[in-house]
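Okay, structure first, notes after.
We did not get these values from a lab; they are worked out from the coordinates using the rules stated. If you're wondering where the values come from, they're calculated on a predicted model, not measured in any experiment. Methodologically, a virtual Cβ is constructed for each residue, glycine included, from the backbone with ideal geometry; neighbour enumeration extends over all protein chains shown.
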Amino acid sequence: MNDKTIAPATQETEKLRLSFTDMAFQGGAIARHDGQVVFATYGIPGEEALVEVERRSKDYLMGRVVEVLSPSPHRVEPPCPYFGTCGGCQWQHIAYPFQAELKADIVRQQLRRIGKFQQPPVAATIAMADPWHYRNHARFSVNRQGYLGFVSLLRRRFVRIDQCLIMHPWINQVLARLQGKCPGLHQVAIRYGVRTGQALIHPSLKEIDDSIPSGQTFYEEEFLGQRFRISAASFFQTNTLQAEVLTEVVRQKLALAEGQLLLDAYAGVGTFAVVLAPYVKTVVAIEESPAAVADAVINQAGISNIVFYQGKVEEILPELRQRPDAAILDPPRVGCDPQAFAAALKLAPARLVYVSCDPATLARDLRALCQGGYHLEEVQPVDMFPHTYHIECVATLTLP
């Protein structure tokens, strides 16, 4: 792809000449046409481009840039040959420093529009020094011929991938060894411990290549000096290096002190609980997933000041009797359950840190917390997913 032509245009579809004014939450550049909003993939704010319309609705149009007429100074040549077809990355055509700026701007937009914060306190995004080869987890689809790749979300077609530039090199090495050897499989999932060299590959590949370790029940990763076991059914951040940065931001924003009680809601395999336990008297951790709790019990071995509860946060939190001094809320993408909010507001920790991977639900939940008496001090974006539109944020709230 060159900087002028993004994708081949077709004669059958409508094309519009548009000027982009902004970037949308899910990665498309925004323009307007005849009073309707247009979301166009592979555009950049400030550009003028020819957009091929791919979908119409009553309220908006969705399209794809097929020719850049006036390129942004932030436009770069995407290094990946699959960019624009596989769909895994949406922003390789944007210079990485500007990606970080756009992510902070999108968070501000969501906080204004959904959260009704007039002047949202959003800090500059913490970017990666090297935004490539960061993913420790891949889930490849397999076609009938046994080749591995991804299925593009828009067109639902298989795209063979021989090397993914955002995957860890070890994962790409395994990918190369498996190409064309996996007919009959539906998917191959690969997880890799970048600090331990351990792997978790499913399904078992022993009949395909018994030299590749596969079929494990768990793998281990080292994280800020601690060792963690992660089972196949347990969640762990896909960017190990930047997850350490995120955890350090959380620790700093909590302003922990000896003698304090820390609440860790949606605790997963115990990452925050284990890393932060030395800074407080007690950590109360809550997690619903049985697999994650089983991992957490092993991960906290030798640490006596963590109390782990298995169950839904909205069910366990109202039963807590001791008020925490500080709390972490790290819910899934859908955000916090209203009952969990009610319980958190009743417990009223003096400092609360909310970790979110979805700016829209973050904005909604921050508004609910502020209506419950909290003050929003800062939202710190941390770029866990370079070259994609995904955004992780750490929000800090205090009681006046």
Checklist line | Summed residue charge, Cβ within 12 Å of VAL297's Cβ, Lys/Arg positive, Asp/Glu negative | finding: -1
Notebook entry, point to check: Shape call for the stretch 11-138 from the C-alpha gyration tensor, a ≥ b ≥ c root eigenvalues: rounded (a/c under 1.5), prolate (a/b greater than b/c) or oblate?
Noted result: oblate
Notebook entry, point to check: In whole Å and largest first, what semi-axes does the C-alpha gyration tensor of the chain yield when each eigenvalue is scaled by 5 and square-rooted?
Noted result: 37, 30, 17
Notebook entry, point to check: For the stretch 15-75, max minus min Cα coordinate along each principal axis, in Å, sorted largest first?
Noted result: 33, 23, 17
Check: Working out 0.36 nm times the residue gap between GLU377 and ARG177, then minus their Cα-Cα distance, what length gain in nm do you get to one decimal?
Finding: 67.1 nm
Check: Given labels modelled 7 Å from the Cα in the Cβ direction, how far is it in nm from GLN216 to LYS312?
Finding: 3.4
